[in-house]
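Asks: After the structure tokens below, expect a handful of questions from me.
Here, each number is a calculation from the coordinates, and none is a lab measurement. Bear in mind that the values here come from a model prediction, so they are computed numbers and not experimental data. For neighbour counting, all protein chains shown are included, and Cβ atoms are generated from backbone atoms with ideal geometry for every residue, glycine included.
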Amino acid sequence: MGGNAFASGPEPLPTPRMPKGVYLLVKERCYSILREMYDVVDSPIEGPAKEDFGDLDILLFGPKPGLPQDNAAGIKQVAQALNAARVIYIRDSSSNLAIPWPSDVDYPPTAEESAEGEEQSESQAPAVAPHIQVDVRICDDLKKLQWQLFKHAHGDIWNILGSTIRPFGLTADEGALWLRVPEIENLNRKRAKIFLTSDPEEVMDFIGLPKSLYWDGPFGSLDELYEYAAQCRMFSAPPYVEGSDTSGTSNEGNASSEDPPKRKLKANDRRRMNYRPIFRKWVEEFVPECSKQGRFRELSLTREQVTHQAMDKFGVEEEFEQRRQEFLLERDRDAIWKNVIKVQVPEADLSNTKSITYRGCLLKALKKIILEGEETHGVVPGNSMKDENGFFIPEAVKTFIDENKNEIGSKAYGMHHEAYLSSKEAKAKVTLQAGES
């Protein structure tokens, strides 16, 4: 949360940014305590050339014997061990802790003092002592911890990489790398996602990033981070045109196009630029400069190619095609219902109750017969209304309705009337029995 979790509320706690020396000291001391409690204690690699930090992120795995196996209880024990003054529980396995500023380290100057060039002495300690925000997450699975270390390494690098791979049908979230089904993604994001891998090494191999450089430690500068991210095989800088806006990282375009997707920042990328300066500089400075220099020119790689490569590498072609086919068939059914069946049945006479009921019975019956294959009305459409892929042929459906609607309507209305009489008779018997008792 950038160190702001405790900045609001009835009794806010100051959690100023930590100079690098303080950050490293606090990290070492927290690690020393937590390694007595957990088998694995780690943090994502920091962003490039950072001189101060808003918070400290710590990931834990494997409580040692005698410690709580329940994550919620584990968080409470961690908070106690780190002498947390306040805790915000996010989930059972995650929390924000506010721990005291080290007593042997000077308090950071206030904003006013910094502006005036003053230094704060120990006797001028603030009324509410500064604290340090430590974000702790206990992982149930070592692979999940490794993914978190991978996804949150190097600060904002995945804002850059995410916007680069997204137009090619790939999404990396908090759990894995996914392949999206283009026909589904705009209507149901969750359903559109096909799991590929949660192995960081496989991800870097697929998107074309050198593995060793990723884990070697923080990049020395933003330029080093940008140069590394630009090695992603799905990145390209748009051709430079004098006086044009060549900024942008998102190759968003028609998913079915055989050409490389066109560049256009999505709305969430534009919002991200407002509060992610590293991402903003990538968009507004690094990419345009690459365009001017003719570096990373447009690729011939298309979304269709990446999709087939992902299906081959991760063995998900069958799941991808099945998910896509199921969705398209459902959408086809909806279209036949709305645009064919309901349209082919004449509107009822709103002044005639029987006409209204008759139309309702006919529509319900047609829906069951055509879309659900029900045979209770004595009319079976067979397979003549569908093509070899299982999709309805609108003209065949119209013909079936025109040829059978009177027979189906008569039977459906008769069945409805019989059900009504049976219900009425049953209610009468209940009333009679109640009177006799």
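Asks: Need one number: nm distance between label points at residue 221 and residue 205, each 7 Å from Cα along Cα→Cβ, rounded to one decimal.
Replies: It works out to 3.4 nm between the two label points.
Asks: Excluding residue 204 itself, what net charge comes from residues whose Cβ is under 15 Å from its Cβ, given Lys and Arg +1 and Asp and Glu -1?
Replies: Around residue 204, the surrounding residues sum to -1.
Asks: Would you compute, from DSSP H runs of 4+ residues alone, the mean residue ellipticity of the chain at 222 nm, taking -39500 (n - 2.57) per run and dividing by the full residue count, rounded to the nearest 500?
Replies: Result for the chain: -13000 deg cm²/dmol, rounded to the nearest 500.
Asks: By DSSP, what percent of the beta bridges with both residues in the chain are antiparallel, rounded to the nearest 5?
Replies: 80
Asks: Could you check the spin-label model distance between residue 129 and residue 410? Points 7 Å from the Cα along Cα→Cβ, value in nm.
Replies: 9.2
Asks: Now for a different question. Could you tell me how many cubic angstrom of Cα convex hull volume segment 332-436 has per residue?
Replies: Here the figure is 116 Å³ per residue.
Asks: Okay, which of segment 212-244 sit inside 15 Å, backbone N to the point 7 Å along the Cα-Cβ direction of residue 296?
Replies: Answer for this model: 222-240.
Asks: May I pose another question? Among the complete DSSP H segments of the chain, which ones combine at least 18 Å of alpha-carbon extent along their axis with a mean Kyte-Doolittle hydropathy of -1.0 or more?
Replies: 20-34, 353-366, 394-436
Asks: Can you check what the Kirkwood hydrodynamic radius comes to for segment 157-314, Cα pairs only, in Å to one decimal?
Replies: Taking every pair of different Cα atoms in segment 157-314, averaging 1/r and inverting gives 16.2 Å.
Asks: Also, quick follow-up: Tell me, what is the percent relative contact order of the chain, built from C-alpha pairs under 8 Å that lie six or more residues apart?
Replies: Relative contact order for the chain comes out at 11 percent.
Asks: I've got another one for you. Which entry in (i) 20.4; (ii) 37.4; (iii) 25.0 matches mean projected area of the Cα convex hull in nm² derived from the coordinates of this structure?
Replies: Recomputing mean projected area of the Cα convex hull in nm² here gives the entry labelled (ii).
Asks: Still on this structure: Efficiency by 1/(1 + (r/R0)^6): what FRET value for residue 403 and residue 353, r their Cβ-Cβ distance, R0 = 35 Å, to the nearest 0.05?
Replies: With R0 = 35 Å, the Cβ-Cβ based efficiency is 0.80.
Asks: Kindly flag which residue pairs out of 342/367; 364/424; 190/368; 151/211 have an alpha-carbon separation exceeding 18 Å in this structure.
Replies: In this structure, 364/424; 190/368 lie more than 18 Å apart at Cα.
Asks: Tally Lys/Arg at +1 and Asp/Glu at -1 over every other residue whose Cβ is under 14 Å from the Cβ of residue 232; what's the total?
Replies: With Lys, Arg at +1 and Asp, Glu at -1, the neighbours total +2.
Asks: Multiply the residue gap between residue 383 and residue 284 by 0.36 nm, knock off their C-alpha separation, and tell me the result in nm, one decimal place.
Replies: My answer for the length gained is 29.9 nm.
Asks: For every other residue with a beta carbon closer than 15 angstrom to the beta carbon of residue 58, add +1 if it is Lys or Arg and -1 if Asp or Glu, then tell me the sum.
Replies: -3
Asks: Can you give the convex hull volume of the alpha carbon atoms of segment 362-406 per residue, in Å³?
Replies: 68
Asks: With a Förster radius of 22 Å, plug the Cβ-Cβ distance of residue 83 and residue 106 into 1/(1 + (r/R0)^6) and report the FRET value to the nearest 0.05.
Replies: 0.70
Asks: When DSSP beta bridges are limited to those with both residues in segment 157-314, what percentage is antiparallel, rounded to the nearest 5?
Replies: 90
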